[in-house]
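The values are calculated or read from the model by the stated rules, or taken from the named source; none is laboratory data. In this text the structure is predicted, and so the values were computed from the model without any measurement. Every residue, glycine among them, receives a Cβ derived from its backbone with ideal geometry; neighbour counts consider all protein chains shown.
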Amino acid sequence: MNSHSHDPGNGSQDPHATRGSAVFQSAPQIFGVAQRSYARCVADGVRLPIEDMDAALTTVLFAALSTEVFINELADMADSFARAGIDGSPQLAAFAAAALETEESRKSTRSKYRIAGEMLAKRPFEKDRATYRDFDFLISLRDFVVHLKPDRLEWIDSAVSRDAARIDNGLTERRLLHKREGVATSLLSDISTAPVAEWALAVASAIIREVVLDLPPGILSEIYRRYVSQGYFGAPLAAEKEGQR
């Protein structure tokens with residue numbers, strides 16, 4: 001979150017000083033990068049296969065990044081509003097305090113979304129809920145790529161094993177892994193596909209929108225609902241996807 005203030009006068013002592021401030025939200029822009037990258041990897045036209053893979057991988061990474069930036073910005077905004085008395089919701093203040101505490105203790109983005117569900121929606125945390133399970137796996141994909149190590153694959157006859165089995169199994173479970181018999185590919189290549197990109201965008205959209213809808217009535221809720229109504233944080237529409245293929 002970036003802020004800028006301008007005071008051309010002589011500080012607070014000057015009654016004629018012009019002061020102001022602005023807050024820039026980055027999550028909509030970062031999610032937009034994921035949306036535009038996805039559009040490139042499914043658009044009509046002649047391209048090198050690596051170009052589609054690059055666009056798909058960019059979609060996955062920026063979709064995951066947008067969820068992290070969104071929840072961090074939301075917590076910061078909620079805390080600022082509570083301190084300024086702009087939005088007096090006890091739920092919002094409690095969420096902000098707990099989320100910022102996890103920031104200081106370097107806990108994960110996953111923890112912040114769990115806190116959001118428990119404190120904003122008063123919803124018991126369910127680790128196996130589909131929305132959260134997909135979100136959890138999206139963050140795992142991001143971590144896998146960011147902390148990438150050599151992808152070791154071993155096989156005996158038709159039995160195949162690899163170090164990053166959790167990623168392989170997660171893609172297979174979601175029917176996002178399409179292997180050709182007798183062809184070995186890296187997991188990075190397996191992640192860099194249009195189906196995985198589409199899934200990642202939909203997952204990020206779902207978890208962000210869920211939190212937005214859970215926000216208690218007030219100014220902050222209006223701000224984020226306006227983002228949603230203007231088309232931010234949206235997954236690809238079925239009609240658009242069919243038209244691009």
Please state which one of Leu213, Leu176, Leu187 is at pLDDT 90 or above and either closer than 24 Å to Pro150 by Cα or in contact with a strand residue (DSSP E or B) (Cβ under 6 Å, 6 or more places away or on another chain) (or both).
Leu176
Does region 77-92 hold any residues that are crowded, with 16+ Cβ neighbours inside 10 Å and touching a residue at least 60 places away in the same chain (Cβ under 8 Å), and which are they?
Met77, Ala78, Phe81, Asp87, Ser89, Gln91, Leu92
Test for Val160: is it over 19 Å from Val145 (Cα atoms), part of a loop (DSSP other than H, G, I, E, B), among the hydrophobic types (A, V, I, L, M, F, W, C) and modelled with pLDDT under 95:
no
For a quick check of your reading of the model, give me the residue pairs whose first member lies in region 37-61 and is of a type outside the set (Phe, Trp, Tyr) and surrounded by fewer than 16 Cβ atoms within 10 Å (Cβ to Cβ), whose second is modelled with pLDDT under 95 and assigned to a helix (DSSP H, G or I), with beta-carbon atoms closer than 6 Å and at least 6 apart or on different chains.
Ala43/Gln244
Got at least one residue in region 69-82 being farther than 23 Å from Gln29 by Cβ and in contact with a helix residue (DSSP H, G or I) (Cβ under 9 Å, 6 or more places away or on another chain)?
yes
For region 184-222, give me each residue that is more than 18 Å from the chain's Cα centre (by Cα), surrounded by fewer than 20 Cβ atoms within 10 Å (Cβ to Cβ) and in a helix (DSSP H, G or I).
Leu188, Ser189, Asp190, Ile219, Ser221, Glu222
For Asp52, are the conditions met, namely being modelled with pLDDT under 95, closer than 14 Å to Thr193 by Cα and more than 20 Å from the chain's Cα centre (by Cα)?
yes
List the residue pairs whose Cβ atoms are under 8 Å apart, where the first residue sits in region 206-233 and is touching a residue at least 40 places away in the same chain (Cβ under 8 Å) and aliphatic (A, V, I, L, M), the second is outside any helix (DSSP H, G or I) and surrounded by fewer than 19 Cβ atoms within 10 Å (Cβ to Cβ), and the two are 6 or more positions apart or on different chains.
Ile219/Ile86
Scanning region 115-135 residue by residue, those part of a helix (DSSP H, G or I) and surrounded by fewer than 18 Cβ atoms within 10 Å (Cβ to Cβ) turn out to be Glu118, Ala130, Thr131, Arg133
